[in-house]
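**Student:** I'd like to ask some things about the structure below.
The values are calculated or read from the model by the stated rules, or taken from the named source; none is laboratory data. Bear in mind the structure is a predicted one, so any value in this text is a computation, not a measurement. FYI the Cβ positions are ideal-geometry reconstructions off the backbone, even for glycines, and counts take in every protein chain you see.
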């Protein structure tokens, strides 16, 4: 992260964002945590490293070309109209990478599919909770610590998230979609490495439930914003 801050490729403005409190924060923590997680995962399980790298790249694309639409349905509706949103790129890119990694990390067909869903779903889950400073990285540290006795990949996820957590909590930097998706994929890969079929099924249920709830919240939020805009327009008439 220090190297990125020193060089600021493309200029410092490209690496600055405004957070929920209207403070300017740096985005260096995203690529830094994604790269650390990908390299660490590669050393343990190359397939996991590839999935983490793809998740980070897809997230980075969304950080650069982000779309205001939120929720699965909104991105699918845009796709039906012939528009490929950054959200759709994340959905298909991370899902494909997760399924490939799952297929390489497990032996039986059912387990391969379950593993892919866990990796992609965990990437999505961590991004869902990234709504305030430190929540995503903190969640990865907390959940990863619980699995360190069963998976080396858990240590990778914890290390990468823990390295950026102080700057994230201090609102000096943010991990963005690049960091959140990469750390989530690393966490998902750790779950896959440390669990058999029963554990995978339980985690699939958890990430699917989180995705459904997250989509519902996004839809309600979007509808609320639309109604507020309508009310503002009416008040101006």
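**Student:** Restricting attention to the range 153-173, report how many residues are closer than 21 Å to residue 94 by Cα and in contact with a strand residue (DSSP E or B) (Cβ under 6 Å, 6 or more places away or on another chain).
**Tutor:** Total meeting the criteria: 0.
**Student:** Now for a different question. Looking at (1) assigned to a helix (DSSP H, G or I); (2) more than 17 Å from residue 180 (Cβ to Cβ); (3) at pLDDT 75 or above, which is the only condition residue 95 fails?
**Tutor:** (2)
**Student:** Which of the residues belonging to the range 88-107 are over 17 Å from residue 53 (Cα atoms), without any contact (Cβ under 8 Å) to a residue 60 or more places away in the chain and touching a helix residue (DSSP H, G or I) at 6+ places or on another chain (Cβ under 9 Å)?
**Tutor:** 88
**Student:** Could you list all residues from the range 134-148 that are surrounded by fewer than 19 Cβ atoms within 10 Å (Cβ to Cβ), under 17 Å from residue 195 (Cβ atoms) and in contact (Cβ under 8 Å) with a residue 12 or more places away in the chain?
**Tutor:** 145
**Student:** While we're on this one: Six or more apart or on different chains, Cβ under 7 Å: which pairs go from a residue in the range 169-181 that's over 23 Å from residue 121 (Cβ atoms) to one that's surrounded by 24 or more Cβ atoms within 10 Å (Cβ to Cβ)? Could you list them?
**Tutor:** Partner pairs satisfying both residue conditions: 173/28; 173/29; 173/164.
**Student:** Oh, and also: Can you confirm whether the range 24-44 contains a residue that is touching a strand residue (DSSP E or B) at 6+ places or on another chain (Cβ under 7 Å), buried (at least 24 other Cβ atoms within 10 Å of the Cβ) and part of a helix (DSSP H, G or I)?
**Tutor:** Yes, the range 24-44 contains a residue that is touching a strand residue (DSSP E or B) at 6+ places or on another chain (Cβ under 7 Å), buried (at least 24 other Cβ atoms within 10 Å of the Cβ) and part of a helix (DSSP H, G or I).
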